[in-house]
């Protein structure tokens, strides 16, 4: 397992290197001139040329890439071209907020999705199965902004139970921010719940029909023991992958939810940076998201080996 993890870490480094090349290249292809955007349309050519020299934009692209990559690895992520703030503290503060929201959402929809999936599998084609599948997939099909607005209208406006706006300071402690996380977390959970429950249902049905599960039933083992020791240990393997990929999506894909609730997360910061063509911030945020995706997949593979010892070393 250690050798396998080391190989995967090497692949992650290669993935990050390839991602850095793609991210840097794409940001260079964005329309418009960064210096012109910063100074405005009425800036003189001399002012634009001076700013380009100050930002290092007049150097060859290859030189700019390696200079950026080396400084990024060293922890110097540069200064925002728009706010003139250091990018690293700004991105890490927003990442912390997105991690708080993602954690609350995961604690909501993962256990509930697994539970509903197992119930659906046990009651296959029954009323409970059809009800769970229908409701969960209905919410999964709704756009996040629709779900968010419905929750705001119901829980914030009609019943005044939770705050409708989740605009908090980036450094707000979790305890104080918790009440502002509930509605966005429910919005994300309702969207993701259907995928977890359906994946768990499908894999659980396959395991329930396997020979070793039938053998355990024939031995007279209690139903709960068969489910916990024989079924769930194997049926959760595909679900682990979905959850791990979901972590990467939660961190980088919360753009709509964060925008609906005004939540200061990394997704909303990415939209802000793209709108203002803040190339330095876009590059840093994109690299952070790719890194999270890569390591979440590594964690999924390690959990595979823990849940099923036969899955080792790519075997």
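The values are calculated or read from the model by the stated rules, or taken from the named source; none is laboratory data. Remember, predicted model here, so these are calculated numbers, not experimental data. Heads up, the Cβs are rebuilt from the backbone with ideal geometry, glycines too, and the neighbour counts pull from every protein chain shown.
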(message) Let me spell it out: the conditions are (1) touching a helix residue (DSSP H, G or I) at 6+ places or on another chain (Cβ under 7 Å); (2) surrounded by 13 or more Cβ atoms within 10 Å (Cβ to Cβ), and residue 61 meets all of them except one. Which number is the exception?
(response) (2)
(message) Consider segment 105-115. How many of its residues are in contact (Cβ under 8 Å) with a residue 12 or more places away in the chain and farther than 16 Å from residue 248 by Cβ?
(response) 4
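Where in segment 174-269 are there helices (runs of 4 or more DSSP H), lying fully within it, with 1 or more residues that are over 30 Å from residue 122 (Cβ atoms), touching a helix residue (DSSP H, G or I) at 6+ places or on another chain (Cβ under 8 Å) and touching a residue at least 12 places away in the same chain (Cβ under 8 Å)?
Working: elements: 174-208, 211-218, 223-226, 232-252, 255-261.
Ranges flagged: 174-208, 232-252, 255-261.
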(message) If residue 102 satisfies all but one of (1) surrounded by fewer than 21 Cβ atoms within 10 Å (Cβ to Cβ); (2) touching a residue at least 12 places away in the same chain (Cβ under 8 Å); (3) in contact with a helix residue (DSSP H, G or I) (Cβ under 8 Å, 6 or more places away or on another chain); (4) not in a loop (DSSP other than H, G, I, E, B), what's the number of the condition it fails?
(response) (1)
(request) Return the pairs, sorted by first residue and then second, in which the second residue is assigned to a helix (DSSP H, G or I), the first residue lies in segment 10-21 and is under 18 Å from residue 283 (Cβ atoms), the beta carbons are less than 6 Å apart, and the residues are 6+ apart or on different chains. (result) 15/294; 19/290; 20/69
(request) Determine if segment 191-201 includes at least one residue that is surrounded by fewer than 22 Cβ atoms within 10 Å (Cβ to Cβ), out of contact with any strand residue (DSSP E or B) (no Cβ under 7 Å at 6 or more places or on another chain) and farther than 26 Å from residue 290 by Cα. (result) yes
(message) Taking the criterion of being in contact (Cβ under 8 Å) with a residue 24 or more places away in the chain, outside the structural domain of residue 289 (by TED's automatic domain parsing) and farther than 30 Å from residue 223 by Cβ, would at least one residue in segment 46-56 satisfy it?
(response) yes
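For residue 118, indicate whether it is under 20 Å from residue 192 (Cα atoms) and over 24 Å from the mean Cα position of the chain (by Cα). Walk me through it before giving the result.
Values: under 20 Å from residue 192 (Cα atoms): yes; over 24 Å from the mean Cα position of the chain (by Cα): yes.
It is true that residue 118 is under 20 Å from residue 192 (Cα atoms) and over 24 Å from the mean Cα position of the chain (by Cα).
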(request) Kindly establish whether residue 262 is buried (at least 21 other Cβ atoms within 10 Å of the Cβ), modelled with pLDDT of 75 or more and in the same structural domain as residue 106 (by TED's automatic domain parsing). (result) no
(request) Look through 270, 232 and report the one residue that is at pLDDT 80 or above and buried (at least 16 other Cβ atoms within 10 Å of the Cβ). (result) 270
(message) Against the definition (touching a helix residue (DSSP H, G or I) at 6+ places or on another chain (Cβ under 6 Å), surrounded by 12 or more Cβ atoms within 10 Å (Cβ to Cβ), outside the structural domain of residue 268 (by TED's automatic domain parsing) and assigned to a helix (DSSP H, G or I)), how does residue 36 come out, yes or no?
(response) yes
(message) If residue 205 satisfies all but one of (1) farther than 15 Å from residue 115 by Cα; (2) over 25 Å from the mean Cα position of the chain (by Cα), what's the number of the condition it fails?
(response) (1)
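For segment 154-172, what are the residues that are outside any loop (DSSP other than H, G, I, E, B) and touching a residue at least 12 places away in the same chain (Cβ under 8 Å)?
In the first step, residues of segment 154-172 are kept if they are outside any loop (DSSP other than H, G, I, E, B); the result is 154-158.
Across segment 154-172, the qualifying residues are 155, 156.
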